1. Checking understanding here: applying a Kyte-Doolittle mean of at least 1.6 and a length along the axis of at least 24 Å (C-alpha), which whole DSSP H helices in the chain pass?
2. Are there trypsin sites (Lys or Arg not before Pro) in region 109-150 that DSSP puts in a loop and that have at most 16 other Cβ atoms within 10 Å, and which ones?
3. Quick one: the Cα spread of region 57-110 along its three principal axes, in angstroms, biggest first?
4. Which number gives the lysine pairs in the chain that have C-alpha atoms under 14 Å apart and are eight or more places apart or on different chains?
5. Once Rg/Rh (Cα atoms, Kirkwood Rh) is worked out from the coordinates, which option in (i) 1.00; (ii) 1.18; (iii) 0.98 does it equal?
6. First compute the accessible area of the chain with a 1.4 Å probe, then give the percent of it belonging to carbon and sulfur atoms.
7. Defining a contact as two alpha carbons under 8 Å apart and six or more residues distant in sequence, what relative contact order in percent does region 8-114 show?
8. For the chain, with every protein chain kept in place, what is the accessible area per residue (1.4 Å probe, Å²)?
Amino acid sequence: MSKILLSYLKKDKQIYLFIALGIVFILFPGAITTHAPYIVGAALIIYAVVNIFMELKFPESSISLGDAIVRGVVGIILLLETDQAIAILGIVWAVFSLNDVAKEINDYYRTRKFRIIGAISIVLTIIFSAMLMLDPFEHFAFHIRILGMEMIAETLIKRRAEE
C-alpha cells in the first residue's frame, strides 16, 4: 500500500513527509485507528467525486468510472457505519494487499526471477492479511504500525535508488 502512496510524491522534500507520517503511524497507532475510517472514508469520497468529474469532462481519459463509483460507495459506508468501520476497512485493506500479492506471484511466475526478499514479503503479506481479515478489530492498530514501518522503508529505498 505504501508503494502506491509513495508513487504520488515527488522526489524532492515532499518525500520526507512520508517518513514523518510513518513515524506518526508507529508512535500513535491507536489514534490513527480511531480516526482512520473518517480519514479514509472522506478520501475515498473525494477520490470518487474528482474521478467521476474527470471521466465525465474527459471521456477519452483512462480513468475508470466504475472504480471511482465503487470507491465512493466504500467511502460512504465507512462514514455511515461507524461501529463496523474498522472491520470494513481492515477487510478491504487485506483484500487490496492480497490482490497486490497475486500480481507479484504472477510476475515471479512469468519472469522466472525469484528473489528471497520478495518471497518473504509475499508470505508475510498473506499472513498479515489473514490476521486482518479474521479479526480486524484486534489487529488493525498492529497493521498501522507495520504500515508506518513500510512507509519509512519504502521511502529510504526509493531515495537510495534515486541517488
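The values are calculated or read from the model by the stated rules, or taken from the named source; none is laboratory data. Predicted model only: the values in this text are computed from it and were never measured. Glycine gets a Cβ as well: all are built from the backbone with ideal geometry, and neighbour counts include every protein chain shown. Calculation scope for accessible area: heavy atoms of the full protein, side chains included, ligands and nucleic acids excluded. Shrake-Rupley method; radii C 1.70, N 1.55, O 1.52, S 1.80 Å.
1. Working: long enough: 29-57 (40 Å, 1.18); 85-111 (39 Å, 0.63); 116-134 (27 Å, 2.64); 136-162 (38 Å, 0.10).
Answer set is 116-134.
2. Details: sites: Arg110, Arg112, Lys113, Arg115, Arg145; in loops: Arg112, Lys113, Arg115.
Sites meeting the loop and neighbour criteria: Arg112, Lys113, Arg115.
3. For region 57-110, the Cα spread along each principal axis is 42, 34, 8 Å.
4. On the way: Lys3/Lys11; Lys3/Lys103; Lys3/Lys158; Lys10/Lys158; Lys11/Lys158; Lys13/Lys158; Lys103/Lys113.
Within the chain, the lysine pair count is 7.
5. For Rg/Rh (Cα atoms, Kirkwood Rh), the calculated option is (iii).
6. Working: 7410 of 10690 Å².
For the chain, the apolar C and S fraction of the accessible surface comes to 69 percent.
7. Numbers: 62 pairs, mean separation 25.5, N = 107.
RCO, region 8-114: 24 percent.
8. On the way: 10690 Å² over 163 residues.
With all protein chains present, the chain gives 66 Å² per residue.
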